[in-house]
Amino acid sequence: MSTPIVSTSDLATFDSAAVPLDETSRAALAERGLGYVTVDPSEEGGESFARWSEAVNRGFLGERSTPEQIESWRTRAVGSRVVGVTDPAGALPEQPVATVQSWAAELTVDDGRTIPSWGISAVTVSSTHRRRGIARALLGGELRAARDAGLPIAGLTVSEATIYGRYGFGPAAGATRWRIDARRAGWVGPQPVRDGRGRLDPVEREAVQSDLRELFGRIRVTRPGEFEPEEAFFVGFSGLNPAKPDLKLRGVRYTDAAGVTRGVITYRMSENMEDYRSSTMDVDLLLAETTDAYAALWHYALTHDLVGTVNAGELSTDEPLRWMVEDQRALRVTESDHHWLRILDVPHALAARGYRTSGAFVLDVVDPLGIAGGTFRLEIDDDGNGVVTPVDATATPGEGVVRLGISELSSLYLGGVSSRTLLAAGRIETDDATAARFDAAFAAVRPPLLSYWY
Ligand SMILES: CC(C)(COP(=O)(O)OP(=O)(O)OC[C@H]1O[C@@H](n2cnc3c(N)ncnc32)[C@H](O)[C@@H]1OP(=O)(O)O)[C@@H](O)C(=O)NCCC(=O)NCCS
């Protein structure tokens, strides 16, 4: 039934907006008297998009958007699949009571390896219509539609960690949020600028935008967990959204000795009027392509005059920064789930990443939604390439065999958690020796990370 996209080069011509609505979900919603519609952001006048965007604002506890903000949002939404659920019996029959938006883009699954993924966003159900199975119909609809369109995996970032496991998503890349007492930290890391290996310069927001685009384009394909951002990401992160210009945003660029831009930091300052030396720097994004750029930009942030506190989010679970300060207790680091993935096609997803050791495993995968389950044999050759073939019979967990849910497999996929940890947590079934072999093969080149929300 499915025709997976095996090459990410297919994405250039893939029309996300044309992916048809799922008929199972349409029937489930119709049974409740509800409509299931797509909204075309390029439609003249943009009225249906304006109604849809207002439903999203309401769902996310936000205020109404100005016409300029809706227009900017509408332009960014063109090309994605914008879906609403309508209630013809309601007071606003044309305004959706539930929303979702999705599009296909590249997900990095290993250093230099990417896979097409169905990014899902703007999931809301009006509070007046909650807990009637609308989100279940919407999510099931997204996953079946993506699978039928040939996408091997789906992903999202979430407002609550309790919503999506039931649909087969698993947390695959964690994130950390840092609060740094800058004066207490004490820099002991490298100082590439002092040592003449590069320089720092303030840059204007337009330059930030092009630096981010260029650097992120190179960096994201080396970091498992990163999802190819749309252009709006670069506009937003450089403070240049015309409907919401960010006058506080500052940018600093790191250039290496050869004059090549290797890193950029964007941040906002909040002055402390009672004690100027205790002002706060909120780092929005720090992108570094080299270890020198990384050290130079963090050194800049942690030793900035008048700054007592540095805050940063969406950092990795294993930042070298921790080892660049003298006093690790100056760092308050909180960790949470961040990038959730949902494998839709086990053979294609597993064949897309590289493995650290050779070997063979049988995976008995249970999928509550009946999308991707089955028994599969994964064979990894000496070059770390995996080939997956479906197996007819189910297998008994133990020597060489792992029984697990699609949610757990999705969490293990990028190497962000070990199978030994999930075994100890009672989340998968196998034996210790197989779990140890599995972890050696599935280890990540670096901890998976997603630097932003979508
Ligand atoms: C989260 C939200 C989309 C759920 O919509 P809904 O239509 O009420 O959900 P459903 O009725 O389809 O519920 C489906 C299942 O999810 C559960 N569920 C719903 N909302 C949940 C929540 N916030 N936390 C945990 N479980 C939740 C239901 O109990 C139900 O469980 P079950 O069928 O497995 O027994 C809706 O509450 C909402 O819009 N919240 C605010 C915006 C938001 O946070 N969106 C998510 C963005 S990532």
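The values are calculated or read from the model by the stated rules, or taken from the named source; none is laboratory data. This one's a predicted model, so the numbers in the text were calculated from it and none came from an experiment. Reconstructed Cβ throughout: ideal geometry from the backbone, glycine too, with neighbour counts over all protein chains shown. Accessible surface areas use protein heavy atoms only, side chains included; no ligands, DNA or RNA. Shrake-Rupley method; radii C 1.70, N 1.55, O 1.52, S 1.80 Å.
One table, with the values for the structure above:
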{"read-out": "Some residue of the stretch 327-342 being in contact with a Gly (Cβ under 9 Å, 6 or more places away or on another chain), among the β-branched types (Val, Ile, Thr) and in a strand (DSSP E or B)", "value": "no"}
{"read-out": "Residue within the stretch 17-26 that is under 20 Å from Val125 (Cα atoms) and free of Cβ contacts under 8 Å to residues at least 40 places away in the same chain present", "value": "yes"}
{"read-out": "Qualifying residue in the stretch 390-399 (condition: polar (S, T, N, Q), over 26 Å from Ile5 (Cβ atoms), modelled with pLDDT under 95 and open to solvent by 10 Å² or more (accessible area, probe 1.4 Å))", "value": "yes"}
{"read-out": "Those residues of the stretch 167-187 which are assigned to a helix (DSSP H, G or I) and under 19 Å from the mean Cα position of the chain (by Cα), in sequence order", "value": "Tyr167"}
{"read-out": "Of residues in the stretch 146-169 being among the small types (Gly, Ala, Ser) and either touching a Gly at 6+ places or on another chain (Cβ under 8 Å) or away from the ligand (no atom under 16 Å from the Cβ) (or both), the one nearest to Ala372 (Cα to Cα)", "value": "Gly168"}
{"read-out": "Selection within the stretch 70-112 - open to solvent by 50 Å² or more (accessible area, probe 1.4 Å) and over 21 Å from Thr157 (Cα atoms)", "value": "Glu71, Thr75, Pro88, Ala89, Ala91, Leu92, Pro93, Glu94, Asp111, Gly112"}
{"read-out": "Selection status of Ala55, closer than 22 Å to Glu230 by Cβ, open to solvent by 50 Å² or more (accessible area, probe 1.4 Å) and assigned by TED's automatic domain parsing to the domain that holds Val97", "value": "no"}
{"read-out": "From the options Ser238, Ser279, Ser316, residue that is among the polar types (S, T, N, Q) and out of contact with any Lys or Arg (no Cβ under 8 Å at 6 or more places or on another chain)", "value": "Ser279"}
{"read-out": "Matching residues, the stretch 119-145, being assigned to a strand (DSSP E or B), more than 7 Å from the ligand (Cβ to nearest atom) and either closer than 20 Å to Pro93 by Cα or small (Gly, Ala, Ser) (or both)", "value": "Gly119, Ser121, Ala122"}
{"read-out": "Strands (runs of 3 or more DSSP E) lying entirely in the stretch 209-298 (those with 3 or more residues that are free of Cβ contacts under 8 Å to residues at least 40 places away in the same chain)", "value": "261-270, 279-288"}
{"read-out": "Residue within the stretch 291-308 that is in contact with an Asp or Glu (Cβ under 6 Å, 6 or more places away or on another chain) and either surrounded by 15 or more Cβ atoms within 10 Å (Cβ to Cβ) or of a type in the set (A, V, I, L, M) (or both) present", "value": "no"}
{"read-out": "Scan of the stretch 28-50 for residues that are touching a strand residue (DSSP E or B) at 6+ places or on another chain (Cβ under 8 Å) and either of a type in the set (Lys, Arg) or in a loop (DSSP other than H, G, I, E, B) (or both), ordered by number", "value": "Leu34, Asp40, Pro41"}
{"read-out": "Unmet criterion (only one of (1) open to solvent by 60 Å² or more (accessible area, probe 1.4 Å); (2) within 16 Å of the ligand (Cβ to nearest atom)) for Leu34", "value": "(1)"}
{"read-out": "Sole residue being over 23 Å from Phe60 (Cβ atoms), open to solvent by less than 10 Å² (accessible area, probe 1.4 Å) and in contact with a Phe, Trp or Tyr (Cβ under 9 Å, 6 or more places away or on another chain), chosen from Leu138, Leu143, Leu151", "value": "Leu151"}
{"read-out": "Given (1) surrounded by fewer than 16 Cβ atoms within 10 Å (Cβ to Cβ); (2) among the basic types (Lys, Arg); (3) more than 26 Å from the chain's Cα centre (by Cα), index of the condition Arg377 fails", "value": "(1)"}
{"read-out": "Which listed residue, of Ala91, Ala104, is away from the ligand (no atom under 16 Å from the Cβ), outside the structural domain of Glu228 (by TED's automatic domain parsing), without any contact (Cβ under 8 Å) to a residue 40 or more places away in the chain and not charged (D, E, K, R)", "value": "Ala91"}
